[in-house]
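Following: one structure in structure tokens, then a few remarks.
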Amino acid sequence: MMSVSIVKASAVFASILLLCVVEYKCEKFNDDYYESREVILEKSYHGLIKENETFVEIKPVIKVDEKICGFHIIKKGNHEVPFQIELVDNLGILKAKKTLNCEKHKTYKFDIAARFCDGSESKSANVHISVIDINEYSPTFLQPSYVTEVDEGRLYQEIIRVEATDRDCTPINGDVCKYEILTNDQPFTIDNEGSIRNTEPLSHKVSHNHILSVVAYDCAMKQSAPVMVNIRVRRVCEARLMGIPERIDYTANSMESVSLFPKIHLELCDMQCKDDDLVIESSVTLKTKHISFGCDRDSSRCMRSDLVDLLPKNADWTKDLVYDEGVESVFHFDGTSGASVPSTLISHHDFALHPFSIMTMFRHHSMLSNDKHTKEHIVCSADDHKMNRHHMALFVRNCRLILLLRKNFNEGDLNIFSPAEWRWKIPQVCDNEWHHYTLNVDVPKVELYIDGVKFEPNMEDRHSNPEVIDDWPLHAAHGVNTTLTVGACYQGAENRMKHGFSGDISEIKVSMQKVLTPEQIKCGTDCAEHLVPPSEHFLEPAQQVQSNSQLNEVSIEGSNKSNVETLLQKIQYINIKQMPTIGRRNIEVKATVSCPNKIAIRLPTMETYIMVNPSTSQLQSTKEPTNQVHDKPITEEQKPQIVITGNKNHLVTYPDIKKGVRILANISLNVYSGGRIRDNLQKLDACSVTVWPSLNPDHEAITVDSDKELSSTLDIKTNINKDGAEMMGYDTTDNYLSVLKSLVYTNKKPAYYLNRVFKLSCTQVNAHFTSDEYALTLTVLHPKQTPTYAPNAAQQQHEPNMFAHAMIHSHDIQEPSSKVHNILQKTQTSHSTMLIVIICAAFVLLISGVGIARLRNNSNRNAEKHQPCPKVAPEQQLDWDDSALTITINPLENGVVSDESSDSENSDSEDEEATNGRYRNVSQLEWDNSTM
């Protein structure tokens, strides 16, 4: 019986064991089957479709194997999915059921699932479709027409603003980027924001209204239908001066006066006062600051003939100096040059023994350093050898004009102090302008005249300006004579020139043995050109006519409008100089009108100019205008040619043009004569840079680069406006180039523009010679549109910088909900199996061992399936292993970091260089060894 029981138990055990093995194999088959179903499709797909097409370009390609017999689209929510998907050669082809409209729906999102041949479906995948816009709509204006009114005689920043919109869905097709006026020959312009303004004052008399045809363009340059803009002109009476000519011609050497405003009259509209107490004040000003010396002067007609000229233009000792030869020569000194006056002109003169006068005209360049001890000599008498004693000198130091006059040892007691140095603190020395200085020296009395007017100090500094320094007489030195120099001082012990002047000097004249009278000084400094006021017999009671001392301003005041007009019509201009400077003189006319106890109304300032033309005899003798521009006369065959060269096109990017572009950085400018460059002709009168179209002041500007250290001594005046830049002044081509190359054009909204044209021309000899027009086209490089889908791996390999920023790696510790559900199911199944094995083990020890082995295999299988989670110790279960994490770095960021680092290094090096330069430029003090 025992054996039979054992046999029956073994049979039961074998049945249970067979049941367990079959269940294990079935479960493993089901797991592999469902796992293969999950990897049929990718997690997501992205597609592009154009508005006028039905085919969808999908990435990555929907590729399946032979087990799939179709696809199923699963829509999300209640939205319609206008797409269908077909299976062709194991590929999923996605198409639209109809043409789509980007303006209605830009994107579509839905899911797709693959259908197995047995009817079951795979896990679904997300599909994101973007609709690509095509430019199907033109811009349309918000209003069918526009009407507005403006006052005549005014320039408006904005008259009216038109606005258009575009129905396309993308910025390049749906944004309005440009407006244009189609109507020609109209004084209006429109910017890219649709703002219309007038380019010149409108006149009701010329036209009562202006009708413009305006169109709009989207950013792809698709044009709209035109819209009509009607601008009506209102008649407005504006109080102003009228009848002033644009130009007044005057012939040199005519010695006659010319009327400036023979037809001037006042337009006062309905301006009236009670009891006719109208007060009219007007002034006429002659402006000649642009002339080399402030105005034409003729000192030769009133100066004494015994004046000694220390700086003649045709002398042997001045031939090596740099100068401009004209009616009045201008000698240029750079701080190192100077000339020795021969003893045959002045023989070792002791200036301390007799009265004398020094008359000079110079322009001192502003100090570029802070060294207050630098001496710049105009004239100097010093030891000719052996020692460096200065006997007499006129120099500039620390914006002071200083006269040094030392007595000799035989002229008094060596132990008695006497005045030896006079220091005037005056602003004229450092204002970089021409001034006339005269010193009358009759020790101890010394007088200074500036521009013909005697210097009188203020009450506050009347005891310290000039500052007078006493000193002992010079000690004895046998066999040592003096050397007289101009522009620097001769150092006898060093046998070289030192303490040179930095600036321009026109004349240095000395009166020996006697001083100049105030009348002679005033006559030599008065302007030879001036305004002639109206005669007194034109005056009526209660009317006044006044002129200033320089006769370059005339003021008129009266209450009778007709009489004030008559007085203005009688103002004249005259130039009595024998050889006047050819060129332009500016005239400014101002007027105010007021009633008693009321605010005065200032009329608009009017400007015109006098053009002094060469006389007929000058033209016939030279066939070319004589002007101070030339260093040497030129023949007919050697007429100057101003040549401007450089690149014709310049491409700029958005960041460049926003930061600022040097528009003329690569040009060259030279004056040719006879086919080659002539150094003595490298001088210009003016240059003009015109920009087309005109600048929009809201976001465009031309500036002079403030970082570029332009010399403060330039004679070039720059005027910048919306039409470009104008430069005027007699200066060298190199100085003009320094200004032109420093012009910077900035545009804060470059997306609105394709190009800008800059035109440059320069003139010489008061516009008698003009260069050919040089044109530079500045083209804006617009960035290309970036695609909206992410490229595949192959495209990323070829275009690493385009989509690198779109790649995102997500490292999330949460499992998807579907995986969590599968784990729970498998856990429940494992528990059932373990229960059966435990029951079997209760009967037989061998059956228990088999059950334990099966449990271990099941646990290993689950662990392998849920990789890459590693096995960890219990105390380390909260630590995550990030060794498999991947961090993608945008390659563009490396470039940014590199640039910033480079800028920082450059900045440091520049600061260091500037510091080193500052230490290098510190001049060492120079000690006076005259008494050693």
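The values are calculated or read from the model by the stated rules, or taken from the named source; none is laboratory data. Since we're looking at a predicted model, the values are computed, not measured. With ideal geometry, Cβ positions are generated from the backbone for all residues, glycine too; neighbour counts draw on all protein chains shown. What goes into the accessible areas is simple: the full protein's heavy atoms, side chains included, and nothing from ligands, DNA or RNA. Shrake-Rupley method; radii C 1.70, N 1.55, O 1.52, S 1.80 Å.
Points worth noting:
- For LYS98: the one exception among (1) modelled with pLDDT of 70 or more; (2) crowded, with 16+ Cβ neighbours inside 10 Å: (2)
- Odd one out for ASP470 among (1) under 30 Å from LYS407 (Cβ atoms); (2) assigned to a loop (DSSP other than H, G, I, E, B): (2)
- Among the candidates TYR156, TYR179, the residue that is touching a Lys or Arg at 6+ places or on another chain (Cβ under 6 Å) and either surrounded by 14 or more Cβ atoms within 10 Å (Cβ to Cβ) or within 30 Å of LEU48 (Cα to Cα) (or both) is uniquely TYR156.
- Residues that are out of contact with any Ser or Thr (no Cβ under 8 Å at 6 or more places or on another chain) and part of a strand (DSSP E or B) within region 330-359 comprise just one, HIS332.
- Extreme residue, least open to solvent (accessible area, probe 1.4 Å), among residues of region 531-564 that are more than 50 Å from the chain's Cα centre (by Cα) and of a type in the set (D, E, K, R): GLU540
- Subset tally (residues that are over 24 Å from GLY338 (Cβ atoms) and touching a Pro at 6+ places or on another chain (Cβ under 9 Å)) for region 409-437: 10
- Subset of region 437-458 [open to solvent by 60 Å² or more (accessible area, probe 1.4 Å) and not charged (D, E, K, R)]: PRO444, VAL453, ASN458
- Test: residue in region 408-419 that is part of a loop (DSSP other than H, G, I, E, B) and under 26 Å from GLY335 (Cα atoms): no
- For ASP461: the one exception among (1) of a type outside the set (Gly, Ala, Ser); (2) open to solvent by 60 Å² or more (accessible area, probe 1.4 Å); (3) not in a strand (DSSP E or B): (2)
- One residue from TRP424, TRP434 being open to solvent by less than 20 Å² (accessible area, probe 1.4 Å), under 42 Å from the mean Cα position of the chain (by Cα) and closer than 27 Å to MET497 by Cα: TRP424
- Selection within region 332-350 - at pLDDT below 90 and open to solvent by less than 50 Å² (accessible area, probe 1.4 Å): GLY335, SER337, ILE346, HIS349, ASP350
- For region 193-207, the set of residues classified as at pLDDT 95 or above and either among the hydrophobic types (A, V, I, L, M, F, W, C) or touching a Gly at 6+ places or on another chain (Cβ under 8 Å) (or both) consists of ILE196 only.
- VAL629 vs. criteria open to solvent by less than 50 Å² (accessible area, probe 1.4 Å), modelled with pLDDT of 80 or more and of a type in the set (Val, Ile, Thr): no
- The requirement of being of a type outside the set (A, V, I, L, M, F, W, C) and more than 15 Å from GLU42 (Cα to Cα) is not satisfied by GLY92.
- Considering residues of region 197-223 that are under 35 Å from the mean Cα position of the chain (by Cα) and of a type in the set (Ser, Thr, Tyr) only, the residue most open to solvent (accessible area, probe 1.4 Å): THR199
- Residue match in region 651-662 (condition: in a loop (DSSP other than H, G, I, E, B) and in contact (Cβ under 8 Å) with a residue 60 or more places away in the chain): yes
- Restricted to region 508-544, and to residues there that are of a type in the set (Ser, Thr, Tyr) and outside any helix (DSSP H, G or I), the residue that is modelled with the lowest pLDDT is SER535.
- Any chance GLN513 is open to solvent by 40 Å² or more (accessible area, probe 1.4 Å) and within 27 Å of GLU256 (Cβ to Cβ): no
- Boolean, VAL88 is of a type in the set (A, V, I, L, M), loosely packed, with under 14 Cβ neighbours inside 10 Å and closer than 30 Å to ILE74 by Cα: yes
- Qualifying residue in region 405-416 (condition: of a type in the set (D, E, K, R), touching a helix residue (DSSP H, G or I) at 6+ places or on another chain (Cβ under 8 Å) and surrounded by 13 or more Cβ atoms within 10 Å (Cβ to Cβ)): no
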